[in-house]
Amino acid sequence: MFWSRDLGSNFAGINMAAEDSVRCPVCFRDFTNEDINGHLDVCLLEGASDGTPSSTVESGPPDAKKCRTGADPVNTPRSSSSSMADSQSSSSGMFSLFQTNKGKLSAGEQSERVPSQQKSPTASPFSRGLKRPLRETSETPQSQQPDAGVSRAPKEPLLTRAMFASSKPLAEALRPNTLEEYFGQSKAVGQQTLIRSLLESQEIPSVILWGPPGCGKTTLAHIIASASKKKGTARFVTLSATSTSTSEVREVIKQAQNELRLCKRKTILFIDEIHRFNKSQQDTFLPHVECGTVTLIGATTENPSFQVNAALLSRCRVLVLEKLSVEAMSSILNRAIAMLGIKIRGQDFKIVKNRDQTNGSEPQVYIEQKALDTIAFLCDGDARIGLNSLQLAVQAQMSLQQQRASPQEVLVTEEHIKEGLQRSHILYDKAGEEHYNCISALHKSMRGSHENASLYWLGRMLEGGEDPLYVARRLVRFASEDVGLADPSALTQAVSAFQACHFIGMPECEVILAQCVIYLTRAPKSVEIYKAYNNVKTCLRTHKGPLPSVPLHLRNAPTKLMKQLGYAKGYKYNPAFSAPVEQEYLPEELRGVDFFSWKPSDP
C-alpha cells in the first residue's frame with residue numbers, strides 16, 4: 001500500500017505542505033514522496049498504543065524515528081529515547097520479527113504517544129493492527145531488511161535449553177526451508193531432476209506427494225511455500241483434509257480466483273492427507289486445477305491409485321518419496337545437533353554460552369556417536385521419529401541436571417536413546433499399501449522355496465499388527481494354488497493351522513503359522529490344477545456366441561416327459577462295467593480339448 005497526495009482528500013485535516021511533500025496522517029509531519037512509505041512503516045508501528053502485536057518490521061530510513069512534532073524532520077534533533085530504540089532495533093537483527101511493539105519502545109516514547117494521539121483522533125483507527133507491505137530502501141541496513149517470512153538457520157547454534165523447553169516438537173522447529181537442507185530424496189528432487197528445475201524456476205506443477213510417514217512430504221511443501229513467499233510469485237495456503245470441509249475449500253478457491261484476477265498472482269494449495277477426502281470432495285478441485293486457478297500439492301501415505309480420483313491424478317504429477325536411508329537420517333541428525341549446539345563426545349566443537357542466564361553459562365550437552373547411530377537405525381526411515389526421539393532423550397537428561405546444585409555437562413548415551421525408543425518403528429498399515437506389499441512378498445518367497453525370506457515377511461506382518469487369521473487364510477489358498485497335487489497333505493496342514501490360530505490367537509499362534517509357512521516352503525510345488533482351472537475360465541469368457549448345451553445323455557430324467565425328450569438316453573453307468581467306458585462328457589464343440597495344455601489362442 002503506497003500513500004500519495006490523492007489520498008489526502010480521504011482524511012480530515014490532512015493537507016499538503018508543499019507541492020513535492022506529503023503529510024503523515026499519524027504525526028502530521030511532511031515528507032517527500034520517496035520517504036513517506038518508510039516513515040509510515042515506523043510511525044504506524046509506534047502508534048499501536050494499545051499493545052496489539054503487529055507483524056510490521058522496521059525497515060525505514062534511520063531518520064524515521066523522531067519525536068512527533070510539527071517541526072522540520074531534517075532540523076529536528078534526535079531524542080535520547082529514539083536513539084535508544086534505533087540501537088535496539090539494529091542489535092535485535094532477525095529476532096525483531098518476534099518482538100511485540102511494547103518491547104521495542106522505550107518509556108519516553110510511550111509517554112509521547114498520548115498527546116500525539118489526542119492531537120490526531122483520526123490516526124487511531126488506521127494505526128491499530130494495520131499491516132503494510134515493506135519497501136526496501138537504500139538507507140535500510142542489510143541486517144534489518146525482511147526476508148519475506150523465510151526463517152533461516154541462525155549463524156550461531158540455538159540455545160539448547162530454550163529449544164528443548166518449548167512445547168514445539170523438534171521435527172517442527174528444525175524443519176528446513178531450502179532444498180540444500182532437504183536430505184534423502186535425491187531421486188525425486190535431486191540435482192538434474194525435472195522437479196528440481198521447476199521448483200527453482202518457480203514453475204510449480206500440480207503434484208501428489210506419495211510416501212511413508214516422516215519422509216519429508218510436508219517439509220517439501222514448506223520449502224515450496226518459503227520460496228514462493230520470498231520471491232512473491234504466489235500465495236501459499238495450507239489445509240488438512242482431516243479437519244477441512246468442502247465449503248472451506250470452495251472459499252479458498254474463490255479467494256484464489258480473486259487473487260488471480262486482481263493481482264495476477266497464483267495460489268498454491270497444499271492439502272495434507274488428501275486421501276481423507278472422498279471422491280466427491282476431490283472432484284471440487286478438478287475444474288480449478290484444470291484451468292490453473294490453483295496449483296494443487298497433495299500429500300498422502302496411501303497409494304494414489306486407490307485413494308485419489310483418476311481424473312484428478314491425470315491433472316497432477318505423482319512424486320514418489322522413498323523411506324529415508326540411514327545415511328540421510330545421519331545427515332538430518334547431524335544438522336540438528338549443529339543447530340542446537342550439541343557436541344559429539346570426543347569431537348572438538350566451539351562451546352556455546354547461554355547469554356540469557358546471568359548466573360553462568362548453560363551446561364554443555366554432549367551426545368555419543370553411537371547414540372546418533374542408534375536413532376538412525378531404529379527410526380525406520382522416519383525423520384519425525386528420529387528428531388523427536390533425540391528431543392526426548394536430551395529433555396530427560398537436562399531435567400535430571402536441573403535437580404543438581406551446580407551446572408554440569410549433560411551426556412546422552414546409547415542407553416538413553418534405547419530407553420526412549422523401545423523398539424524399531426515398523427511401518428505397517430493393515431488396510432493400506434504396506435499390507436498388500438508384505439503378503440505378496442510372503443507368497444512369492446514361499447513359491448520360491450526361500451525359507452529365510454518367508455519367515456522374515458511373516459514376522460514383518462505379525463510384528464506390525466496383522467491379523468493372524470488373514471495370514472492363515474492366505475496359507476490355505478497357497479496350499480492349493482502352488483503346492484497342489486505335488487503334496488495333497490499341504491492343504492490339510494494349512495487348514496489345521498487356520499483352526500489352531502482361531503483357537504488360541506496371538507501371540508501363541510505365531511509359531512503355528514511359522515511351522516505351516518516352512519512346511520509349504522519346503523513342499524514340492526505344482527500349479528497344474530491352478531493353470532487348468534484358469535484355462536477353463538478363459539475358455540468360458542472368450543467363447544463366441546451362446547454356450548453349448550449339456551449333452552442329452554448327461555442330463556437327469558426325473559419325469560416321464562423328460563424321458564420322452566431323450567434326457568439320459570444312452571448314458572452308461574460306469575460302475576456297471578468292469579472295463580473302461582467309452583463315453584463323451586464334453587459338449588460336441590469342445591470334444592478333444594485338454595485344459596491342462598490348452599491355450600487361449602487355440603481354436
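The values are calculated or read from the model by the stated rules, or taken from the named source; none is laboratory data. Since the structure is predicted, the reported quantities are computational estimates derived from the model, not experimental observations. Cβ sites come from the backbone with ideal geometry, for glycine too, and all protein chains shown count toward neighbours. For the accessible areas, the whole protein counts, side chains as well, though only heavy atoms, and no ligand, DNA or RNA atoms are used. Shrake-Rupley method; radii C 1.70, N 1.55, O 1.52, S 1.80 Å.
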- Applying the selection to segment 232-267, what residues are of a type in the set (V, I, T) and over 13 Å from F285 (Cβ atoms)? T233, T238, T242
- Which of the following residues is open to solvent by 50 Å² or more (accessible area, probe 1.4 Å), in contact with a Lys or Arg (Cβ under 9 Å, 6 or more places away or on another chain) and either over 30 Å from G381 (Cβ atoms) or basic (K, R) (or both): E259, E248, E290? E290
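Counting only residues that are polar (S, T, N, Q) and outside the structural domain of A396 (by the TED database), give me the helices (runs of 4 or more DSSP H) lying completely in segment 414-526 with at least 3 of them. First the steps, then the outcome.
Details: elements: 414-420, 433-447, 451-463, 468-478, 489-504, 510-522.
Output list reads 433-447, 489-504.
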- Note on the structure: (1) among the aliphatic types (A, V, I, L, M); (2) at pLDDT below 95; (3) surrounded by fewer than 18 Cβ atoms within 10 Å (Cβ to Cβ) all hold for V495 apart from (2)
- Message: Filter segment 227-265 down to the residues that are within 25 Å of L198 (Cα to Cα), without any contact (Cβ under 8 Å) to a residue 24 or more places away in the chain and assigned to a loop (DSSP other than H, G, I, E, B) and list them by number.
- Response: K264
- Message: Please go through (1) within 20 Å of Q255 (Cα to Cα); (2) at pLDDT 85 or above; (3) open to solvent by less than 60 Å² (accessible area, probe 1.4 Å) for G232 and return the number of the only condition it doesn't satisfy.
- Response: (2)
- Tally time: how many residues in segment 556-566 are open to solvent by less than 60 Å² (accessible area, probe 1.4 Å) and either outside any helix (DSSP H, G or I) or of a type in the set (S, T, Y) (or both)? 2
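Could you list, in sequence order, the residues of segment 207-218 that are within 11 Å of the chain's Cα centre (by Cα) and either over 23 Å from L312 (Cα atoms) or not in a helix (DSSP H, G or I) (or both)? I'd like the intermediate steps shown before the answer.
Step one: of segment 207-218, the residues within 11 Å of the chain's Cα centre (by Cα) are 208-218.
Across segment 207-218, the qualifying residues are I208, L209, W210, G211, P212, P213, G214, C215, G216.
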- Query: Checking F503 against (1) of a type outside the set (S, T, N, Q); (2) within 39 Å of the chain's Cα centre (by Cα); (3) exposed (fewer than 12 other Cβ atoms within 10 Å of the Cβ), which test does it fail?
  - Reply: (2)
- Item | Single residue of segment 174-185 satisfying the filter (open to solvent by 40 Å² or more (accessible area, probe 1.4 Å) and closer than 20 Å to L390 by Cβ) that is nearest to the chain's Cα centre (by Cα) | R175
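Could you tell me which residue of segment 442-468 is surrounded by the most Cβ atoms within 10 Å (Cβ to Cβ), considering only residues that are of a type in the set (S, T, N, Q) and touching a residue at least 24 places away in the same chain (Cβ under 8 Å)?
Quick first cut of segment 442-468, residues of a type in the set (S, T, N, Q) only: 445, 449, 452, 454.
Of the ones still in play, those that are also touching a residue at least 24 places away in the same chain (Cβ under 8 Å) are 445, 449, 454.
Working: S445: 20, S449: 14, S454: 24.
Top of the filtered list is S454.
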- Selection count, segment 317-338, where residues are within 22 Å of S186 (Cβ to Cβ) and either of a type in the set (V, I, T) or open to solvent by less than 50 Å² (accessible area, probe 1.4 Å) (or both): 14
- Qualifying residue in segment 190-199 (condition: open to solvent by 30 Å² or more (accessible area, probe 1.4 Å), of a type in the set (A, V, I, L, M) and either under 24 Å from A311 (Cα atoms) or part of a loop (DSSP other than H, G, I, E, B) (or both)): yes
